[in-house]
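First the structure, in the form of structure tokens, and then the observations on it.
The values are calculated or read from the model by the stated rules, or taken from the named source; none is laboratory data. These numbers come from a predicted model, not from an experiment. Here the Cβ positions follow ideal geometry from the backbone for every residue, glycine too, while neighbour counts run over all protein chains shown.
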Amino acid sequence: MTQERLAQRLKRWGIRLTPQRLAIAEVVINSNDHPSVQQIHERVSARFPYVTLATVYSTLTVLQKKGLVQELPFEKLSRYDANLAPHANLVCVSCGAVVDTEIGQEKIALLREELAGKSDFEIASQRVDFYGWCPKCVTEARNDARIQGAS
């Protein structure tokens, strides 16, 4: 999403804009890697060296309350996702990478609708995670095994 479109969207949602806040929103919304607070801070600090972690946290809280991003708490740290459509996350147990997959989106959406329609539970959100190894880590593990096998 362009910075101009994002700024218009944030204004429409009643979010007070500062250059730092816009940069934080831009990092989260335009990232496919589900960044952590530290990663967001590092990326924004490249443009705004004086931005604080407190500013990142407060901006993320505002973005969550307005329904623009969601926090994905994991055991070691939280990540942030701007994809609010029903989908699954693929989580690498080796490097910690988190990526969305479009595979099965329809099934997840149908399951959510069915649960909402057939239960007395009001569904606010859902989260589906699959854990395994990303292609990079699989390749590295295979290369390490070859090196050890050659010794």
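Name the pairs: first residue in the stretch 2-23 and more than 13 Å from V62 (Cβ to Cβ), second residue in a helix (DSSP H, G or I) and at pLDDT 85 or above, Cβ to Cβ under 8 Å, at least 6 apart or on different chains?
Q3/L22; Q3/E26; L6/L22; L6/A25; L6/E26; L6/I29; A7/L22; A23/V44
What single numbered condition from (1) of a type in the set (S, T, N, Q); (2) in contact with a helix residue (DSSP H, G or I) (Cβ under 9 Å, 6 or more places away or on another chain); (3) over 30 Å from I24 (Cα atoms) fails to hold for T139?
Tallying (1) of a type in the set (S, T, N, Q); (2) in contact with a helix residue (DSSP H, G or I) (Cβ under 9 Å, 6 or more places away or on another chain); (3) over 30 Å from I24 (Cα atoms), T139 fails exactly one: (2).
Failed condition for D33, given (1) buried (at least 17 other Cβ atoms within 10 Å of the Cβ); (2) acidic (D, E); (3) under 30 Å from E140 (Cβ atoms), with all others met?
Looking at each condition in turn, D33 falls short on (1).
On the given criteria, is I15 hydrophobic (A, V, I, L, M, F, W, C) and either under 14 Å from the mean Cα position of the chain (by Cα) or in the same structural domain as C95 (by TED's automatic domain parsing) (or both)? Walk me through how you get there before you give the answer.
Values: hydrophobic (A, V, I, L, M, F, W, C): yes; either under 14 Å from the mean Cα position of the chain (by Cα) or in the same structural domain as C95 (by TED's automatic domain parsing) (or both): no.
No; evaluated as a whole, the condition is false for this residue.
If a residue has to be of a type in the set (V, I, T) and touching a residue at least 12 places away in the same chain (Cβ under 8 Å) to count, how many in the stretch 105-125 make the cut? Step through it out loud before you land on a result.
First, pick out the residues of the stretch 105-125 that are of a type in the set (V, I, T): 108, 123.
Then drop every residue that is not touching a residue at least 12 places away in the same chain (Cβ under 8 Å), which leaves 108.
Matching residues across the stretch 105-125 total 1.
Which residue pairs have Cβ atoms closer than 7 Å, lie 6 or more positions apart in sequence or on different chains, and pair a first residue in the stretch 63-76 that is farther than 20 Å from V99 by Cβ with a second residue that is outside any loop (DSSP other than H, G, I, E, B) and modelled with pLDDT of 90 or more?
Pairs that qualify, where the first residue is farther than 20 Å from V99 by Cβ and the partner is outside any loop (DSSP other than H, G, I, E, B) and modelled with pLDDT of 90 or more, are L63/A25; L63/V28; Q64/Q70; Q64/E71.
Which of (1) of a type in the set (D, E, K, R); (2) more than 24 Å from P135 (Cα to Cα); (3) touching a residue at least 12 places away in the same chain (Cβ under 8 Å) does E102 not meet, given it meets every other one?
Status for E102: all satisfied but (2).
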